[in-house]
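Here is the structure we will look at, set down as structure tokens.
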There are 10 protein chains.
Amino acid sequence: MLRGISRLISPSLIKVLMEMGHGDEIVFADGNFPAASHAERLVSCDGHQISDLLEAILPLFPLDEYVSHPATLMKVVEGDTVRTPIWNHYQNLLQKYTEVVEPFDYVERFAFYERAKKAYAIVATGENALYANIILRKGIISPPLKE
Amino acid sequence: MLRGISRLISPSLIKVLMEMGHGDEIVFADGNFPAASHAERLVSCDGHQISDLLEAILPLFPLDEYVSHPATLMKVVEGDTVRTPIWNHYQNLLQKYTEVVEPFDYVERFAFYERAKKAYAIVATGENALYANIILRKGIISPPLKE
Amino acid sequence: MLRGISRLISPSLIKVLMEMGHGDEIVFADGNFPAASHAERLVSCDGHQISDLLEAILPLFPLDEYVSHPATLMKVVEGDTVRTPIWNHYQNLLQKYTEVVEPFDYVERFAFYERAKKAYAIVATGENALYANIILRKGIISPPLKE
Amino acid sequence: MLRGISRLISPSLIKVLMEMGHGDEIVFADGNFPAASHAERLVSCDGHQISDLLEAILPLFPLDEYVSHPATLMKVVEGDTVRTPIWNHYQNLLQKYTEVVEPFDYVERFAFYERAKKAYAIVATGENALYANIILRKGIISPPLKE
Amino acid sequence: MLRGISRLISPSLIKVLMEMGHGDEIVFADGNFPAASHAERLVSCDGHQISDLLEAILPLFPLDEYVSHPATLMKVVEGDTVRTPIWNHYQNLLQKYTEVVEPFDYVERFAFYERAKKAYAIVATGENALYANIILRKGIISPPLKE
Amino acid sequence: MLRGISRLISPSLIKVLMEMGHGDEIVFADGNFPAASHAERLVSCDGHQISDLLEAILPLFPLDEYVSHPATLMKVVEGDTVRTPIWNHYQNLLQKYTEVVEPFDYVERFAFYERAKKAYAIVATGENALYANIILRKGIISPPLKE
Amino acid sequence: MLRGISRLISPSLIKVLMEMGHGDEIVFADGNFPAASHAERLVSCDGHQISDLLEAILPLFPLDEYVSHPATLMKVVEGDTVRTPIWNHYQNLLQKYTEVVEPFDYVERFAFYERAKKAYAIVATGENALYANIILRKGIISPPLKE
Amino acid sequence: MLRGISRLISPSLIKVLMEMGHGDEIVFADGNFPAASHAERLVSCDGHQISDLLEAILPLFPLDEYVSHPATLMKVVEGDTVRTPIWNHYQNLLQKYTEVVEPFDYVERFAFYERAKKAYAIVATGENALYANIILRKGIISPPLKE
Amino acid sequence: MLRGISRLISPSLIKVLMEMGHGDEIVFADGNFPAASHAERLVSCDGHQISDLLEAILPLFPLDEYVSHPATLMKVVEGDTVRTPIWNHYQNLLQKYTEVVEPFDYVERFAFYERAKKAYAIVATGENALYANIILRKGIISPPLKE
Amino acid sequence: MLRGISRLISPSLIKVLMEMGHGDEIVFADGNFPAASHAERLVSCDGHQISDLLEAILPLFPLDEYVSHPATLMKVVEGDTVRTPIWNHYQNLLQKYTEVVEPFDYVERFAFYERAKKAYAIVATGENALYANIILRKGIISPPLKE
């Protein structure tokens, strides 16, 4: 543990977050997502809820403001009448850290899987809400270091 | 060994079963199946019968109810008059854990091999019944954890 | 995830629990414990509380009833007036799974570190209660399998 | 699988049996034995009974006839009134393959653990009989190959 | 070494032979064959003659009787007048273990190389006869184990 | 890079800092220190000055307040008249983060080497001031997380 | 450290520079570049500015004079009005070491990424100037060693 | 070192030469060749001249006499007026070991690179003559071992 | 294979022989020797006779002439009336390569095992003669290379 | 290769030289030295003479001026009348880089071996002069970088 960094963030997770660069993507996968079979790099956060993890990382992790939607959700399957209250929760969390009005892009289930395979890492969680998988795209850090 | 988990399940097997997610497949291969040459991940259960292993894992392992057939068998070669009593045995075992009426899909031998190559794992067994190879597709765990 | 197994238990944790045999020990270490430097095998459960993890594993993990105390706590440093309410919580959890009246042994801080080095695994958690580190010693599984 | 070799013997087990030389020891450990923590090399035969495994390997594996007792059992703890019928079963199996009248040596539990640590391999089984752990010492193969 | 298994068979070779399943192929390559550059798995039997190795493994290794020719030789290059007495020798050896009348298939040199690349293993030998490379295809073991 | 974390801190360095627990030590070694030969874990920060690195990590890294001196310097060799202005600089940096009045312990050169060997990690830097090597001992993070 | 070699150059960096041959490319990536996800070999120079690194390596590293432009920059995105003063700085540095009048080639952002993937190595830096990523192509060393 | 084998040949080089079979190729690359980036297997002979290495290996290494040209050189770039005296030197060396009249094939620079990628190994040398890279193709050893 | 080197010598064996220096020892172990459990480095020559291997390596491998006995045999166990004709055979082979009159040292069985553990390598053979294990100590190569 | 660095220095050698710090030692071992069996890290410079290597590295590698003798030779065995002209050659080379009057320490053969085991690296060369092994102890780089 380190000062000012949430204890939900493991040493492996922070290393992966820090190694990522502009445009790299990370998937927060719910408990049923086929994470191990799709991950280029697998980070275990088993048992945690995704929104707790987002709350932990968003103060550190910049979202990509060069694209229209820095986050991606899995589209509700056609005909499915399920409600997805967690999306509102995600939106509230993200809006504290980005000025993008509509932060989400939506992709179909199997396209989501293909995208997950190419992501820099997949974080396996214990999330059990419906349609809770989310992909974040990393932006840039731009403090004026040199004058 | 752990309480409530069959002693047929080795530490490696349970890890693989747990890592799998929705839609991942696992092959239970008979003693003559070319398991080592086709497996992405190979789990050794040499000497055991497949139905004993199914009986051990099905209480833990959810079948995929989002597809028509959560299990796949190798189609009897055309012209072959062999009988496959083990299929009935498998069906009885599976019916305790799924409400799918017709749990099995059937694929031709070489298509079965190709499918096995893409599976998350192959379990090498000592099964000696004919046409006993079986692929299971993992479903989801959906207890209401969060209120 | 698997049916009947808590989603707090990661694939790595269950593998380690299952590999352990009679007399092997596992340490649940709080967030400040030097886990990585002392562990023969390190299991990451960062961010979780130890009592949640105990609640998750005790239904599966038998305690050693061949020794007087199947669990070990870190003795309060002499002169320290701290209270350790978590010990009562642990005791309540353990008493559901063992008939040992006094489940705890107490060892001094540096002796505890030495013991941790020899344990089969250390589980790194995010626990933040005082004196919350605990070592469990594995017992045996003894159902009458063979007649 | 190969002709004339029991299907209980996995590729890893036969490799280990063949690599062993005169005087090397192998432990067949019951389901509760701390095999993973003590093994120089660990072979998984989870779920099998030790006597089935002995029956499978003894036709291939020569016992050491240069020592008084080519096999070692764990001594019954003093005061313990348990009976050990499996020892008779082991004796019957061994007598088919060795002319040693009294094949067993007996060592105390912790000495047995130390011996297991130095063995060439430990075979983890699902054996559930009491006092069923057994160490075999390999002998020599001496067919007259050269004239 | 083990009882009843030729001392020409190394621990690595028996492991590979046992891991192979129905339809997997193994190449016995002569001393000049580019084995290391073509092998998925390389087994060193340097210095041995291929017929000695065949004699050692055929009692254990079932040939595939589901294909017309369970063994493959390298076709004599067109125009080459060389004689290949070793083929007769191989045929005699194989006929003890298969009822296939014409056990050999013949493929052209570079097709043979491609086939070798896909084989489960290549055994590097010291064979020095001409056109002595041979590929064997593994069959099945079918004793009635279960009643 | 992450928000709020200095760009001098590499992904490997933050992982190591986070893995460390109470009482673990880390060495910041100057450019001539035999870091690679003494390090249990080596972190490359070649070319950087140690005080820049301390300034980067001290906001994150708690010093051990359970010991008299959470930092250790290499004692000036007897008879050596060198001045060590960097120590004052270090002291100023440390005093922002600890209330310990005299933060430094001093050990002789070869004892310092032995201590470095046991440290959790050595950070190789490009520091070129005299007697600039410094060992930090990690303390605890104690925010009231649970009520 | 070695005499005459800048202390900014780590052992890993010099090894990579020396292993490279005629035509191999190396990328110096700014702090936001997705270096870890694109690198065949990743060299950590976190926290350093690219121009300091170029100043350190150019005395050692020959630029390719067989191509029109031995260095490559990322083209300014169309419509972007940003200024790129660092390019002038790079040009001044390079002109000390090459007689090529116009050392730079310019490629579009995503083509730059593809090129980076094929480079021999990517050096991750802490550079924070805009459009500061640069690819260098190695030339030859041609002292008259043999007469 | 071994009797009768040049001290220029390292243990790694002889192993590679011996593992190669009929038709496998090895590249002797000059000091500027991009060896590390193109090699399937890299053998370090840094600092040595290629002709010294050829003199060392040719007594051991048979050239392929089944192809028209057992050796390959890099074609002089069109328009280039450079002279290549080293080729005569190579030819003299090779003619002691092959009866092929014109031992060399010539390929264009980038085709040469592609060929090098597929070679069994690349030997990195310190050769500084122009156009000195050479690929050798291994032939067969054919002493009458069996009567 | 290479010209002038016996085809009994595998690439691994020649590499080991060449890596050895003055005073390093190599064990040629018979088929029953516990080679895998005692070897620092294990070289497989399964199925070969030791005298064939000695005949293959002695032209290359210098014996140590700085010690009284460059070779070591296992002493016949006291009271054992076995004859050891293979020693004469070894002596004849060695005398072609050393002027030492009495090449052999004799050590007791368990001391031999300890010596084998410290040897640079153990060569596992199929030798079946009695008391055939032999340790060779490498000498120096001393051709006058420099004038 | 890099500008200003001898082509005798391989990428592995320069990395090792650069990783070494004050007081670390490196052994340049002649062709008969048991380098592979004694080296913590082995660097292959097979075929080169030690004085050529010293000439290549001494411009880069600082000798330790904090000890009486920064270099160590192997003492001539008592009674041996051999001459060691190479020592004068080494002395001339070293004197260009150190002001130490008597650069050499001398240790007995087996003490030299023990010292070599603890060295940071052993460089295997092809040196064939008598008593040519030499150990160098690294000093410090002390340019005034910071004002």
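Could you give the semi-axes, largest first, of the ellipsoid that matches the stretch I:15-147, computed as the square roots of 5 times the alpha carbon gyration tensor eigenvalues and rounded to whole Å? Write down the numbers at each step before the final one.
Details: eigenvalues 110, 59, 39 Å².
Rounded to whole Å, the semi-axes are 23, 17, 14.
Roughly how tilted is helix C:109-118, in degrees to the nearest 10 and between 0 and 90, from the longest Cα axis of chain C?
Roughly 30 degrees, rounded to the nearest 10.
Among residues other than residue F:62 whose Cβ falls under 15 Å from its Cβ, what is the net charge (Lys/Arg +1, Asp/Glu -1)?
On the way: positive: A:3, A:7, F:96, F:137, F:138; negative: C:30, F:19, F:24, F:25, F:64, F:65, F:99.
Computed value for this residue: -2.
Expressed as an acute angle from 0 to 90° and rounded to the nearest 10, what is the orientation of the C-alpha long axis of helix G:85-95 relative to the principal long axis of chain G?
20
Which FRET efficiency value, to the nearest 0.05, do you get for residue F:96 and residue G:93 by plugging their Cβ-Cβ distance into 1/(1 + (r/R0)^6) with R0 = 35 Å?
Values: r = 37 Å, r/R0 = 1.06.
Working from the Cβ atoms, E equals 0.40.
Among H:83, H:41, H:109, whose mean-square fluctuation peaks in a Gaussian network model of chain H (Cα, cutoff 10 Å)?
It is H:83.
Roughly speaking, what is the centre-to-centre gap between the stretch G:83-135 and the stretch F:42-86 when only Cα atoms are used, to the nearest Å?
36
Take the cross-link list A:15/F:117; A:117/G:117; F:75/J:117; J:15/J:118; B:138/E:15; A:117/H:117 and give me the ones stretching past 20 Å between alpha-carbons.
Details: A:15/F:117 24 Å; A:117/G:117 18 Å; F:75/J:117 29 Å; J:15/J:118 18 Å; B:138/E:15 31 Å; A:117/H:117 28 Å.
The pairs that break the limit, which is 20 Å between Cα atoms, are A:15/F:117; F:75/J:117; B:138/E:15; A:117/H:117.
Would you list which aspartates and glutamates come within 17 Å of residue F:96, measuring only between C-alpha atoms, while excluding same-chain residues fewer than 8 positions from it?
Within reach: F:52, F:55, F:64, F:65.
With each pseudo-label sitting 7 Å past Cα toward Cβ, what's the residue F:81-residue G:84 distance in nm, one decimal?
Inter-label distance under the simple model: 5.7 nm.
Within a 10 angstrom radius of each residue's Cβ in B:38-46, how many Cβ atoms of other chains show up on average? Whole number is fine.
Values: counts 3, 0, 1, 2, 2, 1, 9, 6, 13.
The mean count of partner-chain Cβ atoms within 10 Å per residue comes to 4.
Given the rotation that superposes chain C on chain J, what residue of C brings its beta carbon nearest the axis, and what is the distance in Å?
C:40, 13
Kindly give Rg over Rh for the protein assembly as shown, based on alpha-carbon atoms, with the Kirkwood expression for the hydrodynamic radius.
Numbers: Rg = 34.3 Å, Rh = 36.0 Å.
Computed over Cα atoms, the ratio is 0.95.
Packing-wise, with mean Cβ within 10 Å as the measure, how do G:128-141, J:20-33 rank, highest first? Write down the numbers at each step before the final one.
Values: G:128-141: 21.5, J:20-33: 24.3.
So the peptides G:128-141, J:20-33, ranked by packing, come out J:20-33, G:128-141.
Between residue A:109 and residue H:111, what is the spin-label point distance in nm, taking each point 7 Å from the Cα along the Cα→C-beta axis?
About 5.3 nm, to one decimal.
Let me check I've understood the local charge: for residue C:79, count other residues with C-beta under 15 angstrom from its C-beta, Lys and Arg +1, Asp and Glu -1. What total comes out?
Working: positive: C:75, C:83, C:109; negative: C:78, C:80, C:108.
So the environment of residue C:79 carries a net charge of 0.
Net charge within 12 Å of residue J:124 by Cβ-Cβ distance, Lys/Arg positive one each and Asp/Glu negative one each, not counting residue J:124 itself? Provide the component values of the computation, followed by the final result.
Working: positive: H:7, J:41; negative: I:19, J:30, J:46, J:127.
Result for the local shell: -2.
Please state the charge dipole magnitude for the stretch E:1-82, taken about the Cα centre, from unit charges on C-beta atoms (+1 on K and R, -1 on D and E), reported in debye and rounded to the nearest 20. If you can, show how the numbers build up before the last one.
On the way: 5 positive and 12 negative charges, 78 e Å.
Approximately 380 debye in magnitude.
Taking θ = phi - 60°, what integer Hz values does the Karplus form 6.51 cos²θ - 1.76 cosθ + 1.60 yield along the stretch D:97-108, in sequence order, with x for Gly and Pro?
Running phi through 6.51 cos²θ - 1.76 cosθ + 1.60 with θ = phi - 60° gives 10, 9, 9, 4, 5, 10, x, 9, 9, 10, 10, 5 Hz.
Would you mind working out the magnitude of the charge dipole of the stretch G:29-147 relative to its Cα centre, with +1 at each Lys and Arg C-beta and -1 at each Asp and Glu C-beta, to the nearest 20 Debye? All intermediate terms of the calculation are to be shown ahead of the outcome.
On the way: 11 positive and 16 negative charges, 49 e Å.
Computed charge dipole of the stretch G:29-147: roughly 240 debye.
Report the relative contact order of the stretch C:42-147, percent, no decimals, based on alpha-carbon pairs under 8 angstrom and at least 6 residues apart.
Numbers: 131 pairs, mean separation 53.9, N = 106.
Contact order relative to length: 51 percent.
Using modelled amide H (1.01 Å from N, peptide plane; none on Pro or chain starts), what sits under 5 Å from the amide H of residue G:106, excluding residues fewer than 5 places away?
G:73
Given H placed 1.01 Å from N in the peptide plane, which residues other than close sequence neighbours of residue J:3 have an amide H under 5 Å from its amide H?
G:61
With each run of n ≥ 4 DSSP H residues scored as -39500 (n - 2.57), what mean residue ellipticity at 222 nm is computed for chain B after dividing by its residue count and rounding to the nearest 500 deg cm²/dmol?
On the way: 5 runs with 42 residues, N = 147.
Result for chain B, helices only: -8000 deg cm²/dmol.
Tell me the relative contact order for the stretch I:1-95 as a rounded percent, counting alpha carbon contacts under 8 Å between residues six or more apart.
Taking the mean separation of contacting Cα pairs over the length of the stretch I:1-95, I get 31 percent.
Just so you know, all these numbers are worked out from the coordinates, no wet-lab data involved. Treat the numbers as computed from the prediction; the structure is a model and nothing was measured. Positions of Cβ are backbone-derived with ideal geometry, glycine not excepted, and every protein chain shown enters the neighbour counts.
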